[in-house]
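Nothing in this text is a laboratory measurement; each read-out follows from the coordinates by a stated rule. All values derive from a computational prediction rather than experimental measurement. Reconstructed Cβ throughout: ideal geometry from the backbone, glycine too, with neighbour counts over all protein chains shown.
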Amino acid sequence: MFTTLSNAWKLPELRKKIMFTIVVLLIYRVGNVIPVPFVNADAMAETFNAVLSNTILGLYNAMSGSAFSQASVLALGIQPYINASIIIQLLTVAIPALERMAKEEGEEGKKKINKITRYSTVALGLLLGFAYYTMIKSYGILTETGFLPGLVIVLAFTAGSSVVMWMGEQITEHGIGNGISMILFANIISGIPGGVSVLLSMPWWVAIIIVLVMAALVVFIVFINDAERRIPIQYAKRVVGRKVYGGQSTNLPIKVAMSGVMPVIFAQSICSIPATICAFAGIGEGSWWFDNLWSPNSAAYAIMYFLMIFFFSWFYAQIQYDPVEISNNLKKNGGFIPGFRPGKPTADFIKKVIGKIVIFGAVYLAIVALLPIIGGDILPSVKSLAIGGTSVIIVVGVALETVKALEAQMLMRHYKGFLD
């Protein structure tokens, strides 16, 4: 990875893209510490740590680089844009008009869908900004109340989410890698210095165990991230005049981690909703309901988390892969899977393979997501690190995707240094 970055830095065009990405991320981090008017940021941070850190808002805070707990201008972060993208993606599958727009209208259709996603982001920003304002008002964190201060606060949060969306799109267009992923990456790694200081305050043997487990977890994620099941595809020979076409052998790759980190994010969000409701209802640690059912450290929470990861892994597999469509495309192009007739037998085989891969991928995600919870029960000091499996998957995945993007751009410029 470091060799790739070094070789990419030698190319002027890639160096400009890398510098552009770094500058945008630095501006974003500065925006994370600019407070919203009429909000007591210190009181908000104290209230968040005392009441809301174990709710769904704890995940939100981690994904925003601690901006959410500080009530900064960019407190909503990239989440409205991510949620809007997911909603539009699901609606594209459910609504025929959007599906036609995405598949049949080509580039123009994609531009229309992107425009719809942007408008949806602004709408979600308004909704989440108003919800945030209602929450901080109920906790008495505002320095001034009234219609005008409330309007300023809500519009500030909405504008911040729109600015983050624009930054992400600029990184995607003019920088390196995917803008959304890079912003999430920057937010997560911003908590590393605090984690290191907590790690150094632990007993030396506990710190060594945690470092070794984290290193093994990273290796495991890298291995699974690149793992794929390759279904062999054979193309029939065709004679056109004096030339013979086809007869080639290739494969259909299906990644083990086909859904990425989205099943974990969705599962964690849903499993944290009861804890969030308990927090707003004044039911916190010490009560039987919270400690035994809804606490992130309880067995009931871990079981529900595990089942939700399986459900969303299956759900995303159904959206991403349509065995019937894949079978029809192979048949149209003269391709077939050796040992299976074109049509329904091929679709059934692909469906069976995808089902097995979904189970393995869900087990992988469950292991990574539940390992910090299990580790916190074995070593209570691990809880103070605030390490989440979701964060580790995102950091490793984004790092690998960025390196691949750099290698692809160097390959387009016929640069062979990274291959030596």
Report task. Pull up the cross-link candidates among the lysines for residue 10, meaning alpha carbon to alpha carbon under 20 Å and not fewer than 8 places away within one chain. Result -> 404, 416
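Contour minus end-to-end for residue 10 and residue 222, with contour as 0.36 nm per residue of separation and end-to-end as the Cα-Cα distance?
Details: separation 212, 0.36 × 212 = 76.32 nm, distance 2.66 nm.
Taking 0.36 nm per residue and subtracting the Cα distance, the gain is 73.7 nm.
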Query raised in the report: Put a dot 7 Å past each Cα toward the Cβ at residue 97 and residue 303; how far apart are the dots in nm?
Result: 4.5
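If you stretched the chain out fully between residue 256 and residue 408, how much longer would it get, using 0.36 nm times the residue separation minus the C-alpha to C-alpha distance? Let's see the in-between values first.
Values: separation 152, 0.36 × 152 = 54.72 nm, distance 2.22 nm.
Contour length minus Cα-Cα distance gives 52.5 nm.
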Query raised in the report: Which whole-Hz ³J(HN,Hα) couplings does segment 163-169 yield from phi under the Karplus relation 6.51 cos²θ - 1.76 cosθ + 1.60, θ = phi - 60°, glycine and proline marked x?
Result: 5, 5, 4, 5, 4, x, 5
Query raised in the report: FRET efficiency for residue 30 and residue 204, Cβ-Cβ distance as r, R0 = 35 Å, nearest 0.05?
Result: 0.45
Requested in this report: Sort 327-335, 165-173 for me by packing, meaning the mean count of neighbouring Cβ atoms within 10 Å per residue, highest on top.
Outcome: 165-173, 327-335
Query raised in the report: Sorted by mean Cβ packing within 10 Å, highest first, what order do the peptides 199-205, 354-360 take?
Result: 354-360, 199-205
Requested in this report: Identify all lysines with a Cα-Cα distance to residue 112 below 26 Å; exclude those on the same chain that are fewer than 8 residues away in sequence.
Outcome: 103
**Report entry** Zone residues, segment 143-159, relative to residue 118, backbone N less than 18 Å from point 7 Å out along Cα-to-Cβ
**Finding:** 158-159
Query raised in the report: Once both labels are modelled 7 Å past Cα along the beta-carbon direction, what's the residue 90-residue 348 spacing in nm?
Result: 3.3
**Report entry** Set of lysines with alpha-carbon distance to residue 352 below 26 Å, sequence-local pairs under 8 removed
**Finding:** 255, 331, 332, 344
